[in-house]
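Some notes on the structure that comes next.
Coordinate-derived values only; no laboratory data. Since the structure is predicted, the reported quantities are computational estimates derived from the model, not experimental observations. Note that we place each Cβ from the backbone using ideal geometry, even for glycine, and neighbour counts take in every protein chain shown.
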Amino acid sequence: MGKAPSKQPAATGKARSNAFLYVLIAAAVSFAIIPTIVVLSVALLPTAVAFLVERGKGWYCGVTVGSLNLAGAAPYLTDLWLTNHTVDGAIAIITNIWAYLVIYGAAGFGWAIYSTMPAVVGAFITMTAGRRIAVLREQQRELVQKWGPDVESVYEPEKKDKANPSSIAMA
Amino acid sequence: MAEVAQDVREAPARPGAVPASAEAAPPPAPPPPPKTNGNGAGAQAPRMPSAAAGSFIVVRDRYTIYCDRPIPALDMPNAQAFEVTDRKQEGRPLYALICKPEMLPRVSVMRVLKGLEIPHILHMVDWGVAEWPPIERKCVIVIYHRPMGGKLMDSLAGTAKRIPDHMFPKMVIKPLVEALTELGLKGITHRAIRPDNLYYMDEARTNIVLGDCVTSVPACDQPVVLEPIESGMCIPTARGSGTFADDMYALGATLLILAIGRNTLQGVPDAEIIRRKIKDGSYSTLVSDERMPVSLIECFRGLLTDDEEQRWKPANIDLWLAGKRLTPVQARAEAQAQRAFKFADQEFHSIRSLSYAMFVNWDKALNVIADGSLEIWIRRGLELNDLADAVASAIKNSRAMPGQQKDQEDITLCRVLMVLDPRSPVRIRDFRVSLEGFGNSLAVAMMSKQKLQPYTDFINRELWRHWVAAQTKYNADHSQWENVFKDLRNYLRDQNSGAGLERCVYELNEWMPCLSPLIADQYVMEVKGVLPALEAVSKTANTKMWPVDRHIAAFLRARYAKGVSAQIDAMNDPRPDRATIGMLSVLAIVQWRLGPEALFGLASWVGGLMGPVINAYHSRPKRKEIERELPKLIRKGNLAEIYNYLDNPEERQRDAEGFAWAKAEYAAAEKQAFDLEHGQVDRQESAIKSGQQSGAIAAVVIMLLTYTGFLVSKLF
């Protein structure tokens, strides 16, 4: 019992030294990519809004908007990275009205995808389910033709569903 | 019998036809018959119209029986006599007795007597079953040597020409006793010894013979006067084969009537005859006021002794004929009460007389049982405490039995009568049967469509058991009968085909013809005759009915239990398909084992009934296949092949497995469809989630492609 307290400060100290190392590396990297950070901090505002709006409902909205937001920033960022990776270059981009149009337009397209895809997928699922039901009914009809009406059975999933008129109609 | 059924054949009547051998026939007779069909099966021959005047049939290709030449003088109570000619021995005097279809002939006796020439017994030349045109059905026909001297006495109501006393023993008694002794050696009782069934074989009227004894059940045609007391109490059909002593009694009574020249009891009611026999003894009753030849008295007394054990046997007759004087028979005295018992306006001092009076006055007897006066009289008047206890016990036990009060009272009285007079038959109101005669009586009742309730009551209420229990003397036969009736009771309790009263009648009567309405006219006595008979009726029968009805099932089970029991059990299955295949299997196994090889009509009939069997297959394609194949098998006429095809276990297994798989498949599809149709909310949620996921993935992919594209284009 006497030895345990002496170990804890040593572990805490090691963790602190690791965190310090990470912060140091991050600061060095940030310093190195300051122009990129400047551009992204302005360009990714729609993404931040998307994460905030959909907070607690999953990450899909943020990912969708963010991805297309980044895609919209791609021409400017690649240009920045490969030709003039300086703060001046970054300021030139964030002061370019066309850059805003492209970057935010792409983010808007992401919003549009996020909003419309469930409806599209829903319509698709409904369409395939109807077709599947038709196939199943055809299979059942063939079974009845081959084996007679004795082969028929009624599916009753739960007790509460017994009162469901649609399940009776199916029988 | 099988060979008889095959050998007997008939010739269709052809009034206008002139056969080749016409000159061989006697002048007044119709021409000899044309050749019959070669297969020897009478069942295949066409039926002749009832108004076939001048028609005749030929049996065994030898005996021509003329339907239009009756011989009333030789008629038996249950058989009509007709002229017969023998094609092989022209001029041989023969006649045929055609048994009434509602009477059961003694076929087992016919089988023994056929062809045997027993001295002083009418010679049975042949017998068989053949189509009898006047009634358009098959009958048992018995061919006898024709007695040329006529009967000794035309009827019991008439008179007989008296035979001189000194000639009587040699001319009448000796030959008849010899005849009975011969029959006794063969284990046969005649049971039809009566004055009007004795014939002179020769025209000179010197040779006396005993007449027919096979055209009805034993002793059925005997008047009460000629029967021992116990046998006389029975209804005529229920007397049973009896014993040799019964024949000796009938011989004694017959001889006495012949010696006197008339029946002294003519016109006296049967009940009165029995009452007098019980009261005064048989000899005194029959002699009445007539004067008997002194030389014959001893013999008649010996033969008419009511105690069966003391009755004369052939050895006694031989000694008497040899002139040896025998010890006179002393009737055993019955216990007499000093105080008379008043019943039905009469006074009784002995038990047996009272017992018979109670039977005759049935309703009044119920009162003396109810008020206990009978028991008191037996105890105090006769001082027979054991008997009184037995009566009291019978009354107490009967009343403890469940049932309606009236039935209970009848059974009580019946049991009391058994205790009072154990030798008498079972008597319950008008129903009076001996255990031995029960089977014959049931058969005749069934054949002549009489009420059968008393017979079922007899078995179900165990009257047989009470009768055996009431016997004071041990008899091994009684135990045997008990076992037989236990079996009958079990059959009766079983309501299925192959059991019931039908089974009882076939079990009790070895040569009972099958009484199924379908084949009753074919007079089928053997299992192998059933299918040909059904084949014969297949064209006219209602083919919606099963060819195996209750009678045929019971007949087959009684005659061929080892062969068809399992099949008949299957026939009783509550599932229609199994029952139908069971019915087919019954017929198929009989055909397979006993033939014939092809039964086209019956196969067609049975094939039309296979609907439930075909429908038992779930697979529709299989059903169609069977419907295509079945007619081909029917055309072969082999029921076993049809059965094997329809009841193929592998096919059935395959069908069952396929059906189970199909049911599971249907249920799975149903569940899936249900889920799809009823999963709207889930589907929306799923669609939203899937849409968002796919949108995110698409966006990431676009981003990656965009960066890749720009980086590549700028670097290279």
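For this structure, a couple of remarks:
- Volume of the convex hull of region B:660-716 (Cα atoms only), normalised per residue: 98 Å³.
- Within 10 Å of each Cβ in A:107-116, the average number of Cβ atoms from other chains: 3
- Shielding value for B:650-659 is 1, the average number of Cβ atoms from other chains within 10 Å of each residue's Cβ.
- Bins of 10 Å, starting at 0 and running to the largest distance - Cα pair percent for region B:110-158: 22, 34, 34, 9
- Straight-line reach from B:K689: taking Cα to Cα under 20 Å and skipping same-chain neighbours fewer than 8 places apart, the lysines in range are A:K57.
- Listed by chain and number, the aspartates and glutamates placed with their C-alpha closer than 15 angstrom to that of B:K186 are B:E117, B:E178, B:D247; residues fewer than eight positions away on the same chain are left out.
- Of all aspartates and glutamates in the structure, the ones whose alpha carbon falls short of 18 Å from that of B:K449, not counting any fewer than 8 places away in one chain, are B:E102, B:D430, B:D457, B:E502, B:D521, B:D549.
- If you take all other residues with their beta carbon under 14 Å from the beta carbon of A:A48, and give Lys and Arg +1 and Asp and Glu -1, the sum is 0.
- Taking every C-alpha pair closer than 8 Å and separated by at least 6 residues, the mean separation divided by the residue count of region B:513-647 gives a relative contact order of 25 percent.
- Here the translational diffusion coefficient of the protein assembly as shown follows from Stokes-Einstein with Rh set to the Kirkwood radius across Cα pairs; for 25 °C and 0.890 mPa s it amounts to 66 µm²/s.
- Working from Cα pairs under 8 Å separated by at least six residues, relative contact order for chain B is 8 percent.
- Take B:438-447, B:556-565, B:626-635 and order them by the average number of nearby Cβ atoms within 10 Å per residue, most first; the result is B:438-447, B:556-565, B:626-635.
- Calculated Rg and Dmax of region B:513-647 using C-alpha coordinates, Å: 14.0, 45
- Fraction in percent of alpha-carbon pairs per bin - 10 Å, chain B: 3, 12, 18, 18, 16, 12, 7, 4, 3, 2, 2, 2, 1, 1, 0, 0, 0
- A helix-only calculation puts chain B at -15000 deg cm²/dmol for mean residue ellipticity at 222 nm, using -39500 (n - 2.57) for each DSSP H run of at least four residues, averaged over all residues.
- Intensity falloff of region B:334-424 expressed as log10 I(q)/I(0), Debye formula with alpha-carbon point scatterers, at q = 0.18, 0.22, 0.24 Å⁻¹: -0.73, -1.10, -1.31
- Note on B:614-621: average number of Cβ atoms from other chains within 10 Å of each residue's Cβ is 2.
- Relative contact order %, region B:334-424, counting alpha carbon pairs below 8 Å whose residues are six or more apart: 26 percent
- Point-charge dipole on Cβ atoms (K/R +1, D/E -1) for chain B, about Cα centre, debye to 20: 440 debye
- Restricting region A:120-159 to trypsin sites (Lys or Arg not before Pro) in coil, as DSSP defines it, with at most 11 other Cβ within 10 Å: A:K159
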